[in-house]
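Taking it in order: structure first as structure tokens, then the write-up.
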Amino acid sequence: MESEMPQLPRKDEQKKMLARAAADLVEPGMMLGLGTGSTVDFFITELSQRNFSGSGLTIVPTSRASAGKAEECGFKVVSPSASAVPDLTVDGADEVSRDLSMTKGGGGALLWEKIVARASQRRVYLADDTKLVARLGKFPLPVEVTPFGHVYTAILLRKFRAATRLRIDASGEPFETDSGNLIYDCNFPADADPAKLDVDLSSVPGVVTSGLFIGFIDILLTVADGQTVPVSDPSDVFW
């Protein structure tokens with residue numbers, strides 16, 4: 001009797017579905033902004049399986065990890081420049097609320113993700129159904145800060161009634177982003193307004209950026225009733 005193929009966990013199966021749907025939006029010869037994270041790993045693998053690596057597709061990565069994955073799959077990788085403006089950026093999300101605001105940065109690539117996404121002509125985000133929330137805040141908000149004086153910066157963050165925790169890597173050392181910065185994972189009060197908080201955090205000395213992505217989504221791809229669903233406006237939101 002033949003053994004059955006192992007089944008993917010439910011979340012991973014959704015990520016594969018989303019990766020396939022996102023790959024349908026990619027065209028040969030595009031300049032593609034490539035996000036960071038497990039969902040994006042499924043996406044770049046899907047592109048490779050469709051032989052996009054030989055189609056003239058060029059990748060602008062949002063992390064060294066994504067650059068390495070793209071190169072392993074045979075894609076040309078370039079750095080951001082005036083001549084390397086992405087036609088499309090595809091990335092994942094840690095949380096998406098009903099107004100299509102997002103929290104990102106669980107993988108520590110929030111700064112590069114923001115830079116590449118804001119420069120892109122169109123942005124598509126992938127979120128399995130566990131990432132959909134009524135209001136942001138369940139997932140701690142990453143705040144990227146400069147190493148110099150970061151303890152002082154953390155004190156200022158607590159003035160927003162935030163519980164702050166310096167992110168530590170697997171070796172027990174402070175996690176360092178690809179830009180050489182540190183990350184504080186913060187739990188802000190449930191009544192905090194994300195849009196106002198985004199502005200307020202940018203005024204704190206030492207804060208480079210936060211994981212709040214307000215107004216970034218052009219298309220959200222998610223899963224409902226076993227089907228991939230595109231969402232492009234809060235009026236389309238079903239959760």
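The values are calculated or read from the model by the stated rules, or taken from the named source; none is laboratory data. As the structure is a prediction and not an experimental result, all values here were calculated from the model. As a convention, Cβ positions derive from the backbone with ideal geometry for all residues, glycine included, and neighbour counts pool all protein chains shown. SASA here: full protein model, heavy atoms, side chains in, ligands and nucleic acids out. Shrake-Rupley method; radii C 1.70, N 1.55, O 1.52, S 1.80 Å.
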Using +1 at the Cβ of each Lys and Arg and -1 at the Cβ of each Asp and Glu in segment 4-140, identify which of Leu34, Thr103, Pro86 lies farthest towards the dipole's positive end.
Thr103
At 7 Å along Cα-to-Cβ for each site, give me the label-to-label distance between Arg118 and Thr130 in nm.
3.1
With all protein chains present, calculate the accessible area of Cys73 using a 1.4 Å probe and round the result to the nearest 10 Å².
30
Protection proxy ranking, peptides 61-72, 81-92, 222-233, 30-41, average beta carbon neighbours within 10 Å, highest first:
30-41, 61-72, 81-92, 222-233
Potential extension, Ser232-Glu71 segment - 0.36 nm per residue separation minus Cα distance
54.9 nm
Relative to the compact globular guide of 2.2 N^0.38 Å, what is the alpha carbon radius of gyration of segment 125-239, as a ratio?
1.21
Under 18 Å between alpha carbons, and skipping anything fewer than 8 positions from Lys159 in its own chain: which aspartates and glutamates qualify?
Glu144, Asp185, Asp191, Asp193, Asp198, Asp200
Working from the alpha-carbon coordinates of segment 3-117, get Rg over Rh, Rh being the Kirkwood radius.
0.98
So, over other residues within a Cβ distance under 15 Å of Gln227, counting Lys, Arg +1 and Asp, Glu -1, the net charge is -2
Accessible surface of Leu141 in the full protein assembly, 1.4 angstrom probe, to the nearest 10 Å²?
10
When only DSSP loop residues count, what trypsin sites (Lys or Arg not before Pro) in segment 82-140 have their Cβ near at most 15 other Cβ atoms within 10 Å?
Arg98, Arg122, Arg135, Lys138
If contacts are Cα pairs under 8 angstrom and at least 6 residues apart, what is the relative contact order of the chain in percent?
20
Mind putting together the pair-distance distribution for segment 185-239? All Cα pairs, 10 Å bins, whole percent per bin, short to long.
18, 37, 30, 13, 1
Give me the 1.4 Å probe accessible area per residue for the chain, excluding ligands and nucleic acids, in Å².
49
At a 1.4 Å probe, what is the % contribution of carbon and sulfur to the accessible area of segment 106-189?
57
Lysines with Cα under 21 Å of Lys16, excluding same-chain neighbours fewer than 8 positions away:
Lys69, Lys104, Lys131
